Amino acid sequence: MPGVRLAARLALADAAAEARLALATLSGIAAVLAPLIVLFGLKAGVIDSLREALVQNPRAREIVNQTNRTFDAAFFARLAARPDVAFIVPRTRSLAASGAFARSADSLSAFRGELLATAAGDPLLAGRPPPVGRAAALSATLAERLGVGEGATIRLRVDRIVEGRRETLALDLAVAAVLPREVFARDAAFVPLPLLLLIEDFQEGTIALPVAEIDAPPDPARLYAGFRLHARRLEDVVVLDRVLRAEGIEVVSQAEEVAGLLALDRSLGLLFVALAALGGAGYSVSLGVTMQASVERKRRALALLRLMGMPARGLLAFPLTQAVALASAAAVFAGAIALGVAAVINRLGVAVGEGPIARITPEHLAIAAVLTVLGAVLASLFAAARAAAIEPAEGLRDA
């Protein structure tokens, strides 16, 4: 080991003595590495920004059936049991999924809005507890139309025609929450499932006025006209969309947008790997040739070291130490250049989502440095083997 440490110190001193050659080699490695880091930063910035925009919008993971169908409790239990389903809740018939909302019982102004069922774990509630009993969570647009906020009371009216006369179900609902505008952009109220089923039963004429109980649990044998489902991950949207369509269920989702993003991610990943492989191969060959030439130029000096007792493994460490030192310095230099270029790109005003278009993290720089050093070690192995094979007699022969 003392011989290895001495050879390493001599290799660093030799590189310092040939500073111009070392700087040229270092610059060549950095010239290849810096653009690759910038390219990877652009890939990460663009893809991550697009992905975050979709992830932060729970509507991106939403899947709903397009037309009224018949779904039983077993269907919902089967989907809820899937690991790629984060949330599912029934929907009523389209004609029974709306009502007139007013600010108070005596208000003359009413606004039509959708009625959607909700429950615990609903991504559209954005972490808020679900409304229970005679309560609702309002979309931002409906709350603004009514001029109400959380804690207010609103009047919901639903009409039906029975034997030629109009009957109205009027319910006072507490506003349990007002959802962010980006969560749901239409006029809507999210209510407990029992309340939504009560409204559907009223419109179908299966219950009479006055309505007494609204918290009765759904009948296990009840059939539903639709569902609202949220996938656990973006990748699951594509899978669930395909599974449901295979069952003959027409659905509405953002599967095409998600699939396009995933395809772009894969394409950019393959492009980066191809460019990195070409660049890495180029600088590895260049560094290997440089190390080999250095060993040949210093062959007599290395032979004299062997003659003075330097073990073969010491000469093995000579080109390896120089390669690692040059690669490490080049990685630092390339990282600094890449960070500067990324800062300039991000100040150009080009935006993809809300994040920077070029995103270079410390993890990216660490990975680039490790791969660069490993490549340098591999590139200098042949030169190291040639150095270790030098015989002490060569020093005497050339003396």
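What follows is calculated from the coordinates using simple rules that are stated; it is not laboratory data. Keep in mind the model is a prediction, meaning the values are calculated, not measured. Here the Cβ is made from the backbone with ideal geometry for all residues, glycine too, and neighbour counts use every protein chain on show.
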> Sequence-distant or interchain residues sharing an amide H contact under 5 Å with Gly113, placed H: which?
Replying inline: Gly99, Phe101
>> Taking just the alpha carbons, could you work out the radius of gyration and Dmax for the range 107-221, both in angstroms?
In response: 14.4, 45
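Once fully extended, how much extra length lies between Arg232 and Glu18, figured as 0.36 nm per residue of separation less the alpha-carbon to alpha-carbon distance? Walk me through the numbers before you get to the answer.
Details: separation 214, 0.36 × 214 = 77.04 nm, distance 5.82 nm.
Taking Arg232 through Glu18 to full extension adds about 71.2 nm, to one decimal.
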> Quick one: if you stick a label point 7 Å off each Cα along the C-beta vector at Arg78 and Leu275, how many nm between them?
Replying inline: 4.7
> Taking amide H positions as placed 1.01 Å from N in the peptide plane, with prolines and chain starts having none, which residues 5 or more places from Thr118, or on another chain, fall under 5 Å of its amide H?
Replying inline: Val191, Leu193
> Taking the C-alpha atoms of the range 163-210, how large are the radius of gyration and the largest Cα-Cα span, Dmax, in Å?
Replying inline: 14.1, 43
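What does the highest-first list of 272-283, 127-138 look like by mean Cβ count within 10 Å?
Numbers: 272-283: 14.7, 127-138: 18.2.
Highest-to-lowest ranking by the protection proxy: 127-138, 272-283.
Percent of alpha carbon pairs in the range 61-254 separated by more than 25 Å? It would help to have the intermediate numbers written out before the result.
Numbers: 6847 of 18721 pairs.
Within the range 61-254, distances greater than 25 Å cover 37 percent of Cα pairs.
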